[in-house]
Amino acid sequence: MTAFKYLTTQQFQALPRVAQRFLRYVTIDTQSDPRSSTTPSTDKQKNLGRLLVQELHKIGITDAMMDGYGYVFGTIPATNPSTSQVVVALLAHMDTSPDEPGDDVEPVIHANYNGDPVVFPADPALSLTPEQQPALLNHLGEDLITSDGTTLLGSDDKAGVAVLMQLAEDLFADPTLIHPTIRLCFTIDEEIGRGVESLNLDTLGADVAYTLDGSSIDNISFETFNAAAATIEIEGTMVHPGYAKGIMVNALRIAAEFISLLPSDEAPETTSGYEGYLHPHSITQSNAARASIELIIRDFTDEGLLEKKQLIKNIAKGLQQKYPASMISCTINDQYKNMRSYIEATDPRTISFSHEAAHQMGLTLKEHVVRGGTDGARLSEKGIPTPNVFNGGYDYHSRFEWNTVQNLKRSLAFTKKLMACWASAHRLFKTE
């Protein structure tokens, strides 16, 4: 067993298996790196991948393997192949966000949560309150899981990884749990937008799929932003500042002016729901001679995305005209599309069966738009309809990130019920 700083062996062993898995997995550093050009972007993601392959073999999945890119695959054969012709892929990503520290994660259990502020033992100045996150009050009496306050937790998406691994173990252990052929897939680099770039779809071998990467509980997401990334490269003219009058063209000042010209009412911090945004994410090169701005562009409609792209180009063009002695370039690359139309056109049962599974559990599944990315967006665009379902976590990409033992169990139970619904599907829906 992993040695935990804030959890005794007895406390760990008293937890359900899915929670034990989760706590073990979050201690493995798997942060991805957007500055890396390798696949995966960090080799340490393979450390978790190798462990998952070993555990899948131990469960009984004989074809478990990790490919050269770091993707992990395994097959759970259908309970009754003659009545289930659909192969369902279930995916979760192994990497964690680079937005906060992700190494040396120390999970903490806050048992029987009573509504008070959650204090992080390694950083008492940091606290999570119901005023900050009202959803906490929906989890009174539950056992909250956080980090110690110095790192993110990694529930995004090691909660999904733990649920799928526990699903595999449970389905092999209990032959009364009906299910179709399931292809498990654990992906890399999702947090930096490259989650399925190198994924071999023939190896995946699925008709439909789900990602277990949704935050909170009892929700399904099948609508995402259209997404693009822009890079603005600015080359100025550098001379000694003592003799700069009429000669120097300061690339940093131009970069600052570029950012100031972005509409303030189209920023992530001023938009919600179906409103798109322009987000200057980082300045990757920053001195008076050269500056480089990285932006992300998001909109739920094709037309809105085109408008935002054009605005970025127009700002760059206008600054080039204002500062003719500079060199300003604008490169924009598409990242992913809104997946709703692809899912509804290819196999809408991925949505209806999810609602049916929730209904059978006495739950009402909420349809939640994703104001971010998901591997499912690219998979849906490539022909495999892939909604995103919940893993129970909250406050992703932050040191406030949390989940609960009960939410992990709920996500596991829902996924089992969802697979049972697919086991009753005798023919794969086809569009004409």
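Would a scan of the stretch 34-56 turn up a residue that is surrounded by fewer than 21 Cβ atoms within 10 Å (Cβ to Cβ), closer than 30 Å to ALA425 by Cβ and more than 19 Å from the chain's Cα centre (by Cα)?
Within the stretch 34-56, one or more residues are surrounded by fewer than 21 Cβ atoms within 10 Å (Cβ to Cβ), closer than 30 Å to ALA425 by Cβ and more than 19 Å from the chain's Cα centre (by Cα).
Filter the stretch 37-64 for residues that are assigned to a loop (DSSP other than H, G, I, E, B), under 16 Å from THR187 (Cβ atoms) and small (Gly, Ala, Ser) and give the result.
SER41, ALA64
Got a number for residues in the stretch 306-350 being crowded, with 16+ Cβ neighbours inside 10 Å, basic (Lys, Arg) and free of Cβ contacts under 8 Å to residues at least 40 places away in the same chain?
Of the residues in that region, 0 qualify.
Check whether at least one residue in the stretch 393-410 is among the acidic types (Asp, Glu) and part of a loop (DSSP other than H, G, I, E, B), and report yes or no.
yes
Of all residues in the stretch 385-411, how many are within 19 Å of LEU90 (Cβ to Cβ) and crowded, with 24+ Cβ neighbours inside 10 Å?
Summing the residues that are within 19 Å of LEU90 (Cβ to Cβ) and crowded, with 24+ Cβ neighbours inside 10 Å in the stretch 385-411 gives 13.
Given THR150, THR211, THR176, THR203, which one is of a type outside the set (A, V, I, L, M), in a loop (DSSP other than H, G, I, E, B) and at pLDDT 95 or above?
After applying the criteria, what remains is THR150.
Can you tell me which residue within the stretch 74-114, out of those that are at pLDDT 95 or above and hydroxyl-bearing (Ser, Thr, Tyr), is farthest from TRP402 (Cα to Cα)?
Filtering first and then ranking leaves THR75.
Output the residue which, of all residues in the stretch 230-248 that are touching a Leu at 6+ places or on another chain (Cβ under 9 Å) and not in a loop (DSSP other than H, G, I, E, B), is surrounded by the fewest Cβ atoms within 10 Å (Cβ to Cβ). So that I can check it myself, show each step before the final result.
From the stretch 230-248, those touching a Leu at 6+ places or on another chain (Cβ under 9 Å) are 230-232, 234, 236; that's our starting set.
Those left that are additionally not in a loop (DSSP other than H, G, I, E, B): 230-232, 234.
Working: ALA230: 22, THR231: 14, ILE232: 25, ILE234: 29.
Top of the filtered list is THR231.
For GLU303, work out the one condition from (1) touching a residue at least 40 places away in the same chain (Cβ under 8 Å); (2) more than 21 Å from SER411 (Cβ to Cβ); (3) acidic (Asp, Glu) it doesn't fulfil.
It fails just one condition, (1).
Select, from ALA135, ALA159, ALA168, the only residue that is farther than 24 Å from GLU106 by Cβ, in the same structural domain as TRP402 (by TED's automatic domain parsing), touching a residue at least 60 places away in the same chain (Cβ under 8 Å) and among the small types (Gly, Ala, Ser).
ALA168
Let's see how each residue does on (1) within 16 Å of MET419 (Cα to Cα); (2) touching a Pro at 6+ places or on another chain (Cβ under 6 Å):
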site: LYS44; (1), (2): no, no
site: LEU48; (1), (2): no, no
site: GLN54; (1), (2): no, no
site: MET66; (1), (2): no, no
site: VAL72; (1), (2): no, no
site: VAL86; (1), (2): yes, yes
site: LEU90; (1), (2): yes, no
site: MET94; (1), (2): no, no
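Do you know which residues across the stretch 101-115 are assigned to a loop (DSSP other than H, G, I, E, B) and buried (at least 17 other Cβ atoms within 10 Å of the Cβ)?
Of everything in the stretch 101-115, those that are assigned to a loop (DSSP other than H, G, I, E, B) and buried (at least 17 other Cβ atoms within 10 Å of the Cβ) turn out to be GLY102, VAL105, GLU106, PRO107, TYR113.
The values are calculated or read from the model by the stated rules, or taken from the named source; none is laboratory data. Remember, it's a predicted structure, so these values are computed and weren't measured experimentally. A quick note on method: Cβ atoms are made from the backbone with ideal geometry, for glycine too, and the neighbour counts reach across all protein chains shown.
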